[in-house]
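Chemist: Here it is, the structure, as structure tokens.
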Amino acid sequence: MTEIKELVKNQKMMYRAGKTMTYTYRIHQLQKLKEMINRYEPRIYESLNKDLNKSTYEVLATELGFLQQEVNHAIKYLKEWMQPKKVKTPTSHKGAKSFIYKQPYGVTLIIGPWNYPLHLAIAPLIGAIAAGNTAVIKPSELTPYTSELIEEMIQETFEEKYITVVQGDKDVSQELLEQPFDYIFFTGSVPVGKIVMEKASQQLIPVTLELGGKSPCIVDRDAKLEVAARRITWGKFVNAGQTCVAPDYVLVHEDVKQQFTEHLKREIEKMYTANPMESGDYSKIVNDNHFDRLTSYLDEGDIIYGGQTDRTNRLINPTIIEKVDWDSKIMQDEIFGPLLPILTFNQLEEVYDHVEHSRNPLALYYFSENEKNQEWITKNISFGGGCINDTMMHLGNNQLPFGGIGTSGIGQYHGKYSFETFTHEKSVLKQTTSFDLAFRYPNSKMGRNILKKLFK
Ligand code: NAD
């Protein structure tokens, strides 16, 4: 394998040669990526099953389906996205025309996490290719089968000097962060996000940080409880809760708490059976550290449903916990597992104080039939994105930018936002030379008066 330094240098040369600038080149690469995903479909199911015990349904719904949609969308709109945009020019600039050119950044670095290892390595890549960049991908070391497969797929499909994969842990990641990349796209945890930003700042490399946080799920008194319970069950327990936008905890109105939790238990059993860990179709926890971290939370509060664990196979059944508060260990950090604490509120305004404990969540979900309250939540609480009366579905609409705010991240992507993320908007003013208005120059007699009028 080529040394990291050499690899980046080769990509710089490739980029400078200008090959990635044309529509023809980019569309061809996107087609190749699309064929690659289709060609490897059976192996993708296999490797994600080995790493995380993901079922075929989950792989299709949350990894493959999403990527297919993204690449098809990019292929359809690439030409339109690439066009320079003509914008207005003020009268003070008589004779000139103004344009925004869509300039690729150059050589980009994509660092991925383990929870959706294929999706979160390839989705940013679609944006990088569409925008005309080259890319180095560093997938997670915690999902070795999928990361190896990503390397094999990329190696077989693209030239190394255009797109390549570097495997490794945090040391390799840090070595990559020393290189003179032109853009860094990072998906992962808040602590590592800070390291990435610090490293990038030393070379003033622009970054996108797709991070996490504690995403609240609020169920109000007037919510349709059965459907709320069903949609929360799906959002929370898919991939055994190891999803960045999974509902972290539920805040339910005190008047409907009892009824809601009964619905929740029923929906879990309908969707996953009474003992999912025996079904063979339920995702496992990624490693022993995470398993031990999650099971240590089981000593807190009262478990009112689930709680069974299997360390050998790293499985934890869907679990509902009550009687926890913001001092409990489970409420300190993102849970990232199939444990769902239930907290209560009386007045909608209290939601604000709850969310303040873990500010700027990546997602927020609010269940209510009251439009005024829906508006209040949407306008008054800061969060990356979310849903009213649903969970996680905002991610699947590529018309919506996906990203965090504050501690949950910087920047956004999906659909045309992926293209924009990997594109520098270069402003160019084209001036005529057939005349030259004198008033702009300091020796013009009328200059001051004309300028005063123009700027009023
Ligand atoms: P992580 O931050 O531990 O690792 C992410 C990547 O960073 C991996 O490739 C890893 O090798 C690398 N890395 C780890 N330590 C590093 C260091 N010290 N220096 C440089 N690189 C380092 O995250 P994870 O555990 O793989 O993923 C889970 C986290 O990711 C959760 O917090 C989750 O919310 C977040 N996440 C966010 C999104 C999103 O789209 N916003 C999506 C999925 C996951």
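Chemist: Can you give me the distance in nm between label points at Gln31 and Lys94, each placed 7 Å from the Cα along the Cα-to-Cβ direction?
Modeler: 5.0
Chemist: Now for a separate question. Give the lysines reachable from Lys94 as a straight Cα distance under 22 Å; neighbours fewer than 8 places away on the same chain don't count.
Modeler: Once the sequence-local lysines are set aside, what remains near Lys94 is Lys85, Lys86, Lys426, Lys430, Lys445, Lys452, Lys453, Lys456.
Chemist: If R₀ is 30 angstrom, what is the calculated FRET efficiency for the pair Asn370 and Asn275, using the beta carbon separation as r and rounding to 0.05?
Modeler: The computed FRET efficiency comes out at 0.20.
Chemist: Just the C-alpha atoms of the chain: what Rg/Rh do they give, with Rh taken as the Kirkwood radius?
Modeler: 1.05
Chemist: Determine which aspartates and glutamates satisfy two conditions relative to Lys284: a Cα distance under 19 Å, and not lying fewer than 8 residues away in the same chain.
Modeler: Lys284 reaches Glu46, Asp51, Glu58, Glu63, Glu141, Asp248, Glu269, Asp292, Asp310, Glu334.
Chemist: Do me a favour and compute the ellipsoid semi-axes for the stretch 21-132 from its Cα gyration tensor, root of five times each eigenvalue, largest one first, whole Å.
Modeler: 38, 14, 12
Chemist: Round to a whole angstrom and tell me the spacing of the C-alpha centers of the stretch 302-380 and the stretch 187-224.
Modeler: 17
Chemist: Residue-wise, which Karplus ³J(HN,Hα) couplings in Hz belong to the stretch 2-14, taking 6.51 cos²θ - 1.76 cosθ + 1.60, θ = phi - 60°, and x for glycine or proline?
Modeler: Residue by residue, the stretch 2-14 yields 4, 4, 4, 4, 5, 4, 5, 4, 5, 5, 4, 5, 4 Hz.
Chemist: If you roll a 1.4 angstrom probe over the protein chains with everything in place, what fraction of the accessible area of the stretch 216-395 belongs to carbon and sulfur, to the nearest %?
Modeler: Exposed carbon and sulfur together represent 41 percent of the surface.
Chemist: What number do you get for the stretch 216-395 when its Cα radius of gyration is normalised by 2.2 N^0.38 Å, N = residues?
Modeler: So the Cα radius of gyration is 0.97 times the expected 2.2 N^0.38 Å.
Chemist: Quick one: helix 65-82 against the long Cα principal axis of the chain, what's the angle to the nearest 10°, folded into 0 to 90?
Modeler: 10
Chemist: Aspartates and glutamates within cross-link reach of Lys265: Cα-Cα under 12 Å, excluding same-chain residues under 8 positions apart?
Modeler: Straight-line reach from Lys265, under 12 Å: Glu226.
Chemist: Would you mind checking the tilt of helix 190-202 against the longest principal axis of the Cα atoms of the chain, expressed as 0 to 90 degrees and rounded to 10?
Modeler: Compared with the principal axis, the helix lies near 20 degrees.
Chemist: A further question on this structure: In what order, largest first, do Leu298, Leu400, Leu251 sit by accessible area if the probe radius is 1.4 Å?
Modeler: Largest accessible area first, the residues go Leu400, Leu298, Leu251.
Chemist: Here's a follow-up. How much accessible surface area, in Å² rounded to 10, belongs to the heavy atoms of Lys452 with a 1.4 Å probe?
Modeler: We get 120 Å² for Lys452.
Chemist: Out of Phe237, Phe260, Val219, whose Cα points farthest toward the positive end of the dipole of the stretch 216-260 (charges: +1 Lys, Arg; -1 Asp, Glu; placed on Cβ)?
Modeler: Toward the positive end, the furthest listed residue is Phe237.
Chemist: Taking 2.2 N^0.38 Å as the expected size of a compact globular protein, what ratio does the Cα radius of gyration of the stretch 195-287 give against it, to two decimals?
Modeler: Computed over Cα atoms of the stretch 195-287, the ratio equals 1.46.
Chemist: Right, something else. Please report, in debye to the nearest 20, how large the charge dipole of the stretch 216-395 is about its Cα centre when each Lys and Arg carries +1 at its beta carbon and each Asp and Glu carries -1 there.
Modeler: 520
Chemist: Can you give me the convex hull volume of the Cα atoms of the stretch 153-212, divided per residue and expressed in Å³?
Modeler: 97
Chemist: May I pose another question? Round to the nearest 10 and give me the degree value, 0 to 90, for the angle of helix 225-237's Cα axis relative to the longest principal axis of the chain.
Modeler: 70
Chemist: Here's another thing I want to ask about it. So for the stretch 153-309, what are the equivalent ellipsoid semi-axes in whole Å, largest first, each being the square root of 5 times an eigenvalue of the Cα gyration tensor?
Modeler: Whole-Å semi-axes of the equivalent ellipsoid: 39, 19, 16.
Chemist: Here's a follow-up. Can you pick out the pairs among Lys19/Lys97; Lys12/Lys102; Lys9/Lys170; Lys102/Lys214; Lys54/Lys236 whose Cα atoms lie more than 24 Å from each other?
Modeler: Distance filter (> 24 Å) returns Lys19/Lys97; Lys102/Lys214.
Chemist: Which one of Gln11, Leu362, Val192 is farthest out on the positive end of the charge dipole of the chain, using unit charges on Cβ (Lys, Arg +1; Asp, Glu -1) and the Cα centre as origin?
Modeler: Highest projection toward the positive end goes to Gln11.
Chemist: Further question on the same structure: If you rank His357, His93, His414 by how much accessible surface each has, with a 1.4 Å probe, what is the order from largest down?
Modeler: Result of the area sort, largest leading: His357, His93, His414.
The values are calculated or read from the model by the stated rules, or taken from the named source; none is laboratory data. This is a predicted model, so every value here is computed, not measured. Every residue, glycine as well, gets a Cβ built from its backbone with ideal geometry; the counts of neighbours run over all protein chains shown. All accessible areas refer to the heavy atoms of the entire protein, side chains included, with ligands and DNA or RNA removed. Shrake-Rupley method; radii C 1.70, N 1.55, O 1.52, S 1.80 Å.
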